[in-house]
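To start, the structure under review is shown below, and the notes come after it.
The values are calculated or read from the model by the stated rules, or taken from the named source; none is laboratory data. No experiment lies behind these values; they were computed from the predicted model shown. Neighbour counts run over all protein chains shown; Cβ positions are idealised from the backbone, glycine included.
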Amino acid sequence: MKNLSGAHATVQVLEQFGVDVCFGMCGHTNLWMLKAIEESGIRFVGVRHEQMATHAADGYFRAKRKPALVLTTIGPGMTNALTGLGDALLDGAAMVMIAGDAPNYFSGQEAFQELSNIGEAEQVSAARPLVKRAWRVAHRAALIPNLVEAIRVATTGNPGPVLLSVPLNFFSEMREEKIPAARQQMPTDTFSAPRKSTIDDALRLLNGASNPVIIAGGGAVNAEAQAELTEFAHALGIPVVTTLSGCGAISQDDDHHAGFISTVGSPIAHKLVNVSDVTLVLGSRLGEMETSSWDNQISLRGGQTKIIQVDIDPRQVGRFYPVQLGIVANVRGFLDEANALLRANSVAPSKPRVSRIAEIKAQVAAWKKEIRETSTWEASPIAVERLLAEIRAVLPRNGIFLTDVGIRHMVAQQFETYHPSRLYVGSGWGTMGGAVAAAIGAKLACPEAPVIAEVGDGAFTSIMGAVVTAVEHEVPVVWVVMNNYGYSSISVYQAKHGLGKIGTSFREGGGPSYSPDYAAFAIACGAGGATVRKAADLRPALEKALASGRPYVLDVLTESEPRFRASGRWDVNDLLAGVKSPHS
């Protein structure tokens, strides 16, 4: 037992559980926490806006599979961070957020920055839809038990963010504490697997199928199951398609990789899913973006294809499609057990399945050749395909690539990913600008890996302060800003449906196109910066930026109308066109 302040006890517990970095911002309610962090082995990375902290923690977890601490102050400090919590929740990124709160003895008396219109100290309620669970610590004695429970909730099951709202007097209050050993507070083995009989049933369905397919989602990436999935797919001769967040679940240069499904997607993947008679779904909720707004003419044929759904979260199993087998398990645990059975029985793919994989491989190769015709274009403004090709050429296989909501579909089509945790795509909540700050977290998680974030000019300007943080803390991230003078991915819908012209393009006084000088901004912050106007200059500029060993911004003039080669659909198109949705 030690006599410790609440802040020091909190930090010691976090260290016990392996937390080694904190993204945050100071305020009067968390100064004791800052003191305790300074005296610990946890690295503090100060940000200039709290939204950056949650995005950076998101990037950190996705790259390293370890949670970071997010620290904010009361009221606006906490609410500024909420957007990043939504991304972490829907894309399965664990983090522990601690927000200072009003002193408990002033609860409900409208202390400075207290939210108490509908209840006492209600800031925690604002976060509840965006986290796995939120606590307002009621007593100093409950601080450490609540913290341990929060870490457990964040990191087990489907990982996600949690929040502790802590009255500031608890941080300074001294108390005799026994710091719990992490190994005694957490499950020893989280790779839950189903019963052998259930796996036998799944294998029987897959072996008896004529056109089986595997859909790998973000749960397969979070489970770090690439080797197991590859072995399984090869043993049975089944093609694998991924969701956006599942990119990297199997290497995209593997013969069994067959593209991805989404509202844009790839035609081979959509066809395989639509004609499948048995579909194995690994770690995907099968939401709107993955299923073309649940369109059975393009995506899964609910009620006709037999679905085997494996997910760590029981809420997702059978939620949108009826399942033949619904299995609550860790994806890697399921595949481990299934592979053991396949190896024991020396299972190998049949000749028809080998031929089918060869045919699919040829179709994928033809599709890639078609969509990459523009990757060698010399035109100016620069084609996005050319930009992505040059980034892929300079970024090593272990490099980390981050992209944002507007361009994510083109990235999934054009940019091959070989390893899990090496592609960051904001796919669930889809916050514009999230990748700008997430890149800092990814680089801190994997300092040996080059990190490039390709973002639109709208996304970059929304979180430009990330450059300041990267310079201050010497985090050598490269940002490639696609400068096309507007929110081009939204302007496509605006123009397509004749919905005016305002709001999607950047105009100076409503006249000529307007853009700040992003390279000059970077240099003013102390980072490197360069402007690229010709396609031939892209690769040398990228190589120089990566070799600089410092934060760097490349301002790249890109075309304003990206080519989305959509083979899926999105209900929003019908709604914008004034057409009644079949789901309404």
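Selection within region 491-525: residues that are within 20 Å of Glu561 (Cβ to Cβ), of a type in the set (A, V, I, L, M, F, W, C) and touching an Asp or Glu at 6+ places or on another chain (Cβ under 9 Å). The member of this set that is modelled with the highest pLDDT is Phe506.
For residues that are assigned to a loop (DSSP other than H, G, I, E, B) and of a type outside the set (Gly, Ala, Ser), scanning just region 300-310, find the one that is surrounded by the fewest Cβ atoms within 10 Å (Cβ to Cβ). So, considering only residues that are assigned to a loop (DSSP other than H, G, I, E, B) and of a type outside the set (Gly, Ala, Ser), the one surrounded by the fewest Cβ atoms within 10 Å (Cβ to Cβ) is Gln304. Going through region 535-584 one residue at a time, which ones are assigned by TED's automatic domain parsing to the domain that holds Ala393 and without any contact (Cβ under 8 Å) to a residue 24 or more places away in the chain? Those that are assigned by TED's automatic domain parsing to the domain that holds Ala393 and without any contact (Cβ under 8 Å) to a residue 24 or more places away in the chain: Asp537, Pro540, Ala541, Lys544, Ala547. Yes or no: region 466-482 includes at least one residue that is surrounded by fewer than 24 Cβ atoms within 10 Å (Cβ to Cβ) and of a type in the set (Gly, Ala, Ser). No: zero hits. Considering only region 89-110, state which residues are assigned to a loop (DSSP other than H, G, I, E, B) and touching a residue at least 24 places away in the same chain (Cβ under 8 Å). Within region 89-110, Gly92, Ala93, Ala94, Ala102, Pro103, Ser107 qualify. Restricting the first residue to region 230-252 and requiring it to be aromatic (Phe, Trp, Tyr), which pairs with a second residue that is at pLDDT 95 or above meet a Cβ separation below 7 Å and a spacing of at least six or different chains? Correct list of pairs: Phe232/Leu335; Phe232/Ala338; Phe232/Asn339. Among the residues of region 343-359, are any free of Cβ contacts under 8 Å to residues at least 40 places away in the same chain, acidic (Asp, Glu), closer than 30 Å to Val572 by Cα and surrounded by fewer than 18 Cβ atoms within 10 Å (Cβ to Cβ)? No, the conditions are met nowhere in region 343-359.
Restricting attention to region 205-228, which residues are among the β-branched types (Val, Ile, Thr) and either outside the structural domain of Gln252 (by TED's automatic domain parsing) or part of a helix (DSSP H, G or I) (or both)?
Val221
Give me the residue from region 555-570 that is of a type in the set (S, T, N, Q) and assigned to a loop (DSSP other than H, G, I, E, B) and, out of that set, nearest to Val436 (Cα to Cα). Out of the qualifying residues, it is Ser560.
Output the residues belonging to region 160-212 that are among the acidic types (Asp, Glu) and in contact (Cβ under 8 Å) with a residue 12 or more places away in the chain. Glu173, Glu176, Glu177, Asp200, Asp201, listed by residue number. If you go through region 473-490 and pick out every residue that is over 15 Å from Val532 (Cα atoms) and either modelled with pLDDT of 95 or more or not aromatic (Phe, Trp, Tyr) (or both), you end up with 9. Could you please give the count of residues in region 37-61 that are closer than 18 Å to Leu130 by Cα and either in contact with a strand residue (DSSP E or B) (Cβ under 7 Å, 6 or more places away or on another chain) or of a type outside the set (A, V, I, L, M, F, W, C) (or both)? Matching residues across region 37-61 total 10. Looking for something outside the structural domain of Arg343 (by TED's automatic domain parsing) and acidic (Asp, Glu) - is there at least one such residue anywhere in region 191-204? No: zero hits.
Has region 111-125 got at least one residue that is in contact with a helix residue (DSSP H, G or I) (Cβ under 8 Å, 6 or more places away or on another chain), part of a helix (DSSP H, G or I), under 23 Å from Ala459 (Cα atoms) and outside the structural domain of Pro450 (by TED's automatic domain parsing)? No, region 111-125 contains no residue that is in contact with a helix residue (DSSP H, G or I) (Cβ under 8 Å, 6 or more places away or on another chain), part of a helix (DSSP H, G or I), under 23 Å from Ala459 (Cα atoms) and outside the structural domain of Pro450 (by TED's automatic domain parsing). Note on region 26-40: residues that are surrounded by fewer than 20 Cβ atoms within 10 Å (Cβ to Cβ) and either assigned to a loop (DSSP other than H, G, I, E, B) or outside the structural domain of Phe171 (by TED's automatic domain parsing) (or both) amount to 4. Taking helices (runs of 4 or more DSSP H) as the structural unit, those lying wholly within region 461-534 and holding at least 3 residues that are touching a residue at least 60 places away in the same chain (Cβ under 8 Å), under 11 Å from Tyr552 (Cα atoms) and in the same structural domain as Tyr424 (by TED's automatic domain parsing) correspond to 465-472. Report yes if some residue within region 326-342 is of a type outside the set (Phe, Trp, Tyr), surrounded by 16 or more Cβ atoms within 10 Å (Cβ to Cβ) and under 15 Å from Ala209 (Cα atoms); otherwise report no. Looking through region 326-342, none of the residues is of a type outside the set (Phe, Trp, Tyr), surrounded by 16 or more Cβ atoms within 10 Å (Cβ to Cβ) and under 15 Å from Ala209 (Cα atoms). Within region 424-460, the residues that satisfy the criterion of being assigned to a strand (DSSP E or B), farther than 21 Å from Glu50 by Cβ and touching a residue at least 60 places away in the same chain (Cβ under 8 Å) are Val425, Ile452, Glu454.
Only a single criterion out of (1) in contact with a helix residue (DSSP H, G or I) (Cβ under 7 Å, 6 or more places away or on another chain); (2) part of a helix (DSSP H, G or I) is not satisfied by Asp574, namely (1).
Name the single residue, out of those in region 163-186 being of a type outside the set (A, V, I, L, M, F, W, C) and either part of a loop (DSSP other than H, G, I, E, B) or under 11 Å from Val13 (Cα atoms) (or both), that is modelled with the lowest pLDDT. Result: Gln185.
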